Amino acid sequence: MKFVAVIRQVPDGESRLKVQGGRVDLSGATLILDQMDEYAVEEALRLKEKHGGEAVVVGFGPERTEEAIRTALAMGMDRGVHVVYEGYADPVTAAEALAPVLREEAPSLILTGGQQADWDSQALGGALAEALGVPVVAWTTVLELEGATAKAKHDLDEGAEWVRVPLPAVFTTQQGLNEPRYPTLPGIMKAKKKEIKKVAFAGNPRVEILEEGIQEKARLGKVLDGKDPVQAAEELVRLLHEEAKVI
Amino acid sequence: MVLVVLDHDGSKLRKASLEALTRARQLAEALGEKVAGVLLAEGPAPVEEARGYVEVLYVAELGPYTAEKWAAALLEAAKGGAKAIVAPSSRQSRTYLGRVAYALKAGLLEDTLESAAEGGMVHATRYAYLNRVTQRQRAPLPVVLTVKANTTPLAEPLGTQGEVVPLAVPPVPTVEILERVQEERKGVSLAEANVVVTGGRGMGSPEAFKGVEELAALLGGAVGATRAVVDAGWRPYAEQVGQTGKTVQPSLYIALGVSGAVQHLAGMNKSKFIVAVNKDPEAPIFKHADYGIVGDVHQVLPALIQAVKRLKD
Ligand SMILES: Cc1cc2nc3c(=O)[nH]c(=O)nc-3n(C[C@H](O)[C@H](O)[C@H](O)COP(=O)(O)OP(=O)(O)OC[C@H]3O[C@@H](n4cnc5c(N)ncnc54)[C@H](O)[C@@H]3O)c2cc1C
């Protein structure tokens, strides 16, 4: 069987963002394999370990994305494909770029993160599934293979459900599905020799970003000492009532 | 035509649908188009209520939700040539609309705060980078657009009764649903609450959430939880706030024993006022708080409940 994890490289949520000329400038940010996609990589590795076959990482994005592909290879993925594309891509454009590669790879299962930590899109899984004409299971928390089908538990807006799905299918991943492993030193050494095939993509995004601005609301930061909890609670309630006027 | 997806609970339209309707009407007016509603239902649906808001109402009874069936029904409704499809933003809509946008080769504008049509383009604003950045986007027609909850005034009924058109949806390969795990909903819903009281791992035990529930009830608010608490099985997933949970934007957000991880902040950092109680003065949550108490939540929470009760008397 073949298991594919589709990944991107994004800024670490903890790193500071700045804006230059109305656009987010990532030059000073720490860039990482999107943590949501990390669950996809980990799940592909576990499925391969259990059922045999091949685990392939497919990265989408600019040249620097190769670092994130190497991270996945160091975690244990067998080989990589890099669909090289500069700039912002909406999920439909990204799916158009990825679909030919995925069709050629013809995996049993495609995994990708439930939400992108940079563009906050949740739609890549659905768009990929449509591009390939297969079902999508979003926000997966349990995944088990049963021959030519998979059984999965996934979250809905209210509650969750167990489903059975014919393969191939797309699954979007999230926290709770597994605990991603860290790359080991031997893993990092081996990753250097693993193949990354480059594929160019020259499509035009349908959605264009016109302007971006940092939206960190200035907070009041009034912190009270709770050594005397009763007095601190009284003061907090007074502030919420008289100053903030929210209770 | 502008299509608007009307979410409902089986007996009435959700508030979010009335927000989506307002946006759909704005786009339709600017584009010189009509608004048609789409009511996708597992079983019973509020057809009578919904037809009061639109001139044409497409209705499809599809059985339990799957992304494939919902997408197929919408594509069927869009066959008449939809210039735009508008839907309330939800985790489910953001999945099946990924399918729809791809099939129509349309620009997808997700979780928008505002939108407007201008010169064949639809402009929208939204948050990005885990809710830390505001983005202005634009896409040519056709577009698929989701509306973030609590951003838009609610639409009024038209005072006429729209024509009901049943949709014949071709069968599609999809997932088979084996078992639904329903979560009981108590009190005010998280998405609509004006006050949210969230407990984190610092609460120490599921029993300690009695206090969280009591404070939330006193303030007329809803209970939230962090992922750590949900993973520990202390609270249901429906209460989770954050990147993989719900996004909330109440007037008052109270975080009790919550560290303030970025993935949690992503779900609440737009709240008007943020209050934090944590025993660690270095906890990141304090950097994002308007008011805070450094102290043991087991002492501070009962004192807070008493103080709110005194204020109310
Ligand atoms: C891809 C991804 C998605 C995620 N999505 C989400 C999400 O949607 N929502 C979410 O919440 N998390 C999410 N997380 C997890 C997130 O990173 C944190 O692990 C989580 O938010 C921590 O929860 P917590 O604050 O309850 O627990 P902790 O980080 O363990 O913090 C507990 C806090 O309680 C304080 N404390 C302990 N005892 C007391 C006491 N007696 N009195 C007062 N304070 C006390 C401690 O000082 C500490 O600050 C996600 C992570 C990833 C990687």
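The values are calculated or read from the model by the stated rules, or taken from the named source; none is laboratory data. Because the structure is a prediction, the values reported are computed rather than measured. FYI the Cβ positions are ideal-geometry reconstructions off the backbone, even for glycines, and counts take in every protein chain you see. Remember, those area values only see protein heavy atoms, side chains included, never the ligands or the DNA or RNA. Shrake-Rupley method; radii C 1.70, N 1.55, O 1.52, S 1.80 Å.
Would you check if B:Gly292 is free of Cβ contacts under 8 Å to residues at least 60 places away in the same chain, within 9 Å of the ligand (Cβ to nearest atom) and touching a Lys or Arg at 6+ places or on another chain (Cβ under 9 Å)? So B:Gly292 does not fit the description; no. Consider A:Phe3 carefully, then state whether it is within 26 Å of A:Leu185 (Cβ to Cβ), assigned to a strand (DSSP E or B) and among the aromatic types (Phe, Trp, Tyr). Against the criterion (within 26 Å of A:Leu185 (Cβ to Cβ), assigned to a strand (DSSP E or B) and among the aromatic types (Phe, Trp, Tyr)), A:Phe3 qualifies. The residues of segment A:129-161 that are within 9 Å of chain B (Cβ to nearest Cβ), at pLDDT below 95 and not in a strand (DSSP E or B), listed by number, are A:Leu156, A:Asp157, A:Glu158, A:Gly159.
Here is a check on your reading of the model: is B:Asn278 crowded, with 21+ Cβ neighbours inside 10 Å and within 9 Å of the ligand (Cβ to nearest atom)? Show your work before the answer.
Numbers: crowded, with 21+ Cβ neighbours inside 10 Å: yes; within 9 Å of the ligand (Cβ to nearest atom): yes.
Taking the combined requirement at face value, the residue satisfies it.
Name every residue in segment B:239-265 that is closer than 15 Å to B:Asp111 by Cβ, more than 7 Å from the ligand (Cβ to nearest atom) and part of a loop (DSSP other than H, G, I, E, B), in order of residue number. If the condition is that a residue be closer than 15 Å to B:Asp111 by Cβ, more than 7 Å from the ligand (Cβ to nearest atom) and part of a loop (DSSP other than H, G, I, E, B), then B:Thr247, B:Val248, B:Gln249 are the ones that fit.
Within segment B:246-264, not a single residue is within 8 Å of another protein chain (Cβ to nearest Cβ) and surrounded by 24 or more Cβ atoms within 10 Å (Cβ to Cβ). A:Leu224 meets the conditions (1) part of a loop (DSSP other than H, G, I, E, B); (2) facing chain B (nearest Cβ under 7 Å); (3) in contact with a helix residue (DSSP H, G or I) (Cβ under 7 Å, 6 or more places away or on another chain) in every case but one. The failed one is (1).
Could you identify the single residue in A:Ala72, A:Ala97, A:Ala131, A:Ala68 that is away from the ligand (no atom under 16 Å from the Cβ) and either over 30 Å from A:Glu158 (Cα atoms) or touching a strand residue (DSSP E or B) at 6+ places or on another chain (Cβ under 8 Å) (or both)? Before the answer, list the steps.
Numbers: A:Ala72 fails: away from the ligand (no atom under 16 Å from the Cβ); A:Ala131 fails: either over 30 Å from A:Glu158 (Cα atoms) or touching a strand residue (DSSP E or B) at 6+ places or on another chain (Cβ under 8 Å) (or both); A:Ala68 fails: away from the ligand (no atom under 16 Å from the Cβ).
Sole residue among the options that is away from the ligand (no atom under 16 Å from the Cβ) and either over 30 Å from A:Glu158 (Cα atoms) or touching a strand residue (DSSP E or B) at 6+ places or on another chain (Cβ under 8 Å) (or both): A:Ala97.
Inside segment B:191-230, residues that are outside any helix (DSSP H, G or I), among the small types (Gly, Ala, Ser) and either more than 14 Å from the ligand (Cβ to nearest atom) or farther than 19 Å from B:Tyr291 by Cα (or both) make up a count of 8.
Scanning segment A:26-80 for residues that are among the polar types (S, T, N, Q) and without any contact (Cβ under 8 Å) to a residue 60 or more places away in the chain yields A:Ser27, A:Thr30, A:Thr65.
Taking the condition at the interface with another protein chain (Cβ under 9 Å from one of its Cβ atoms), assigned to a loop (DSSP other than H, G, I, E, B) and surrounded by 14 or more Cβ atoms within 10 Å (Cβ to Cβ), does A:Arg164 pass? Here the answer is no, as A:Arg164 does not meet what is asked.
Give the number of residues within segment B:109-144 that are within 8 Å of chain A (Cβ to nearest Cβ) and of a type outside the set (Lys, Arg).
Pass one, segment B:109-144, residues within 8 Å of chain A (Cβ to nearest Cβ): B:109-111, B:123, B:126-140.
Right, trim to of a type outside the set (Lys, Arg) and you get B:109-111, B:123, B:127-131, B:133-135, B:137, B:139-140.
Counting residues in segment B:109-144 that are within 8 Å of chain A (Cβ to nearest Cβ) and of a type outside the set (Lys, Arg) gives 15.
Can you name the residue in segment B:14-27 that is open to solvent by 10 Å² or more (accessible area, probe 1.4 Å) and within 21 Å of B:Thr247 (Cβ to Cβ) and, of all such residues, is nearest to the chain's Cα centre (by Cα)? Looking at the filtered set, the residue picked out is B:Ala16. Taken over segment A:190-246, the residue count meeting the criterion of being closer than 15 Å to B:Val277 by Cβ and open to solvent by 50 Å² or more (accessible area, probe 1.4 Å) is 9.
Conditions: (1) touching a Pro at 6+ places or on another chain (Cβ under 9 Å); (2) part of a strand (DSSP E or B). B:Val172 meets all but one. Number of the miss? Result: B:Val172 passes all but (2).
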